[in-house]
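Written below as structure tokens is the structure these notes are about.
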């Protein structure tokens, strides 16, 4: 069985460690904060990010990066997008030969507007790299609830190896060669989830949410195609599937943040209420800049940007969306 290192001790990294350990893989979790790592090692419960789920004794937990990576076949990067570059820069000091890398992070770097695979390749150079993305609420996966996901790489053989590594009877993995589309779907859907949460908080119904998901998906695909992705990828698990999950689930951090914004709270005050990273906040800024760079109309993302970063009233944002000039469906 594979020897695997998870870089990142958040909810999703911990969940994947548990899944792979149950399958018989040798797994090590690395976290950046020694004090919290000591708590995880002693309590075997990630109380901050995955409370109530026991971490098997077979999983090693460390804050020493060289120890975590040494002798591993696969390195899984489960780091918030805005911390990806800084963390993997530290990896350059380790022996990375004969290792496969898998990114499970859903975000776009603010400063460079790069996808996570682009950041990884820029920092670490050309190496075997795959992306794993899809509709995956961590707690559901940890509890063995059936889940489907996508392994994506330009190297189909590598994608199939990752498929085999992660596949279980409760965790089904498909392959897809469109890395750009898979990464953008996983990142951009978080913006629509913030909008969905705000919609719920303002008392809008099923009609509004259905329209929001439909039009949101259209602008996700529109930007994706402009950036070289395949349109059909956005109608698969890493696009539509992830979008539905994040906009509906009670466990979605992005939907939760949108609800708080919809209640009239300011972004800075909402972020003080959680220790978790809400990826959609940073992604909204990146998507706003990308829409201008590629000259793509993204009205939902642009209004969410104004609500989060310019303190626009969500109700006025809804009015402005609803009173845009008439369009032909399928065009804009």
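A few notes on this one:
- Selection status of residue 87, surrounded by fewer than 19 Cβ atoms within 10 Å (Cβ to Cβ), in contact with a strand residue (DSSP E or B) (Cβ under 7 Å, 6 or more places away or on another chain) and within 25 Å of residue 122 (Cα to Cα): yes
- The set of residues from region 249-271 being in a helix (DSSP H, G or I) and without any contact (Cβ under 8 Å) to a residue 24 or more places away in the chain comprises 268, 269, 270, 271.
- For residue 306: the one exception among (1) in contact (Cβ under 8 Å) with a residue 60 or more places away in the chain; (2) closer than 19 Å to residue 198 by Cα: (1)
- Flag for residue 105 being touching a residue at least 24 places away in the same chain (Cβ under 8 Å), crowded, with 23+ Cβ neighbours inside 10 Å and either in contact with a helix residue (DSSP H, G or I) (Cβ under 8 Å, 6 or more places away or on another chain) or over 23 Å from residue 2 (Cα atoms) (or both): yes
- Among the residues of region 310-332, those identified as out of contact with any helix residue (DSSP H, G or I) (no Cβ under 7 Å at 6 or more places or on another chain), under 21 Å from residue 269 (Cα atoms) and in a helix (DSSP H, G or I) are 315, 316.
- Positions within region 80-93 being modelled with pLDDT of 95 or more and outside any helix (DSSP H, G or I), in sequence order: 80
- Residue within region 138-148 that is under 15 Å from the mean Cα position of the chain (by Cα), in a strand (DSSP E or B) and under 23 Å from residue 108 (Cβ atoms) present: no
- Residue list for region 287-309, filter: buried (at least 20 other Cβ atoms within 10 Å of the Cβ) and within 16 Å of residue 266 (Cβ to Cβ): 304, 305, 307, 308
- Selection of region 260-286 for residues being buried (at least 20 other Cβ atoms within 10 Å of the Cβ) and within 21 Å of residue 206 (Cβ to Cβ) yields 261, 262.
Let's see how each residue does on (1) under 18 Å from residue 69 (Cβ atoms); (2) out of contact with any helix residue (DSSP H, G or I) (no Cβ under 9 Å at 6 or more places or on another chain):
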residue	(1), (2)
82	no, no
90	yes, no
100	yes, no
157	no, yes
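- Any pair with Cβ under 8 angstrom, 6 or more apart, that starts in region 18-42 at a residue that is in contact (Cβ under 8 Å) with a residue 60 or more places away in the chain and ends at one that is crowded, with 16+ Cβ neighbours inside 10 Å and part of a helix (DSSP H, G or I): 18/142; 19/141; 19/142; 19/166; 20/165; 20/166; 25/165
The values are calculated or read from the model by the stated rules, or taken from the named source; none is laboratory data. None of these values were measured; they are calculated from a predicted model. Cβ: placed from backbone, ideal geometry, glycine included. Neighbour counts: every protein chain shown.
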